[in-house]
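What follows is a short report on a single structure.
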Amino acid sequence: MKQSLILILLTFSFTSIGQVRLNEMQSSNATTIIDNFGESDDWVEIYNPTMDTIEIGGLVLKDQLDTWAIPTGDPSTYLPPFGHFLLWADDQEIQGIFHTNFKLASGGEFLGLYESDSVTVIDSITIPAMIQDRSYMRCQSGWTETTTPTPLAQNGCSASIEEINTIDDLFNITVNNNGEIVIDIIDYSQGEYGLQLYSMDGKEVITESLKEEKTVLNPQFEKSGIYIIIISAQNAIYSKRIWVN
């Protein structure tokens with residue numbers, strides 16, 4: 001029988017060729033950096049890894065609930081080669097054009113960067129739960145939590161506290177012939193896990209508790225495309241993309 005789901009095995013988010021990417025973010029900023037109002041707010045950093053200047057005005061950020069577009073018409077949205085750009089994720093748009101309409105959840109959440117159509121994904125990441133003044137940064141080996149954030153500067157990957165485990169280290173996710181998602185917990189020592197399944201436009205498809213070593217899910221998908229599985233356990237959050245036919 002034709003398998004209706006094809007797992008895409010990715011350990012961290014991808015970026016289209018010639019595009020900017022999510023580079024670092026902080027969900028509990030206490031002393032790292034202040035905004036133009038002297039406030040220590042959440043922030044998201046975008047980076048241009050190419051040799052070309054790229055305009056980021058009009059690109060869209062989404063967390064699990066909100067959608068926000070980077071304003072156009074400001075010269076600073078033309079990001080030079082290897083340039084960094086900081087957005088304040090403080091839910092205070094009244095403070096300026098680069099202040100978003102959402103905050104980052106310190107307990108962890110999904111964050112996506114999209115083209116101006118709000119559908120085409122440029123980059124996405126699941127931010128883990130973090131304590132004050134730690135950030136989540138992109139390194140050559142993947143995403144890493146660090147005690148030394150580097151807003152508007154080259155990521156200090158050598159200062160990372162640890163490499164984050166991928167979802168494949170802890171869970172075996174397969175698809176049976178009926179199109180059901182089968183989740184086997186490799187390490188059941190942490191007990192119950194929470195699972196959420198999202199479409200790439202941030203809509204929640206299903207929420208479940210993984211109380212057994214094996215769980216079989218049969219989500220009702222509205223359309224084909226990429227979906228994201230997020231599994232949370234204590235102070236860690238793991239994610240994986242699946243493709244739905």
Q) What number comes out for the charge environment of Leu217, summing +1 per Lys or Arg and -1 per Asp or Glu over other residues with Cβ under 15 Å away? A) -3
(Q) Sort 44-57, 100-113 by packing, meaning the average of other beta carbons within 10 Å per residue, with the highest value first. (A) 100-113, 44-57
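Rounded if a/c is under 1.5, else prolate if a/b is larger than b/c, else oblate: which is segment 21-163, with a ≥ b ≥ c the root eigenvalues of its Cα gyration tensor?
Working: a/c = 1.40, a/b = 1.19, b/c = 1.17.
Rounded is the answer for segment 21-163, as its axis ratio a/c remains below 1.5.
Report D for segment 88-163 in µm² per second (integer): Stokes-Einstein, Kirkwood Rh on Cα pairs, 4 °C, 1.567 mPa s.
Numbers: Rh = 13.9 Å.
This corresponds to a translational diffusion coefficient of 93 µm²/s.
Every number in this text was worked out from the coordinates using simple rules, so none of it is lab data. The structure presented is a predicted model; accordingly, all values stated were derived computationally and were not measured. Methodologically, a virtual Cβ is constructed for each residue, glycine included, from the backbone with ideal geometry; neighbour enumeration extends over all protein chains shown.
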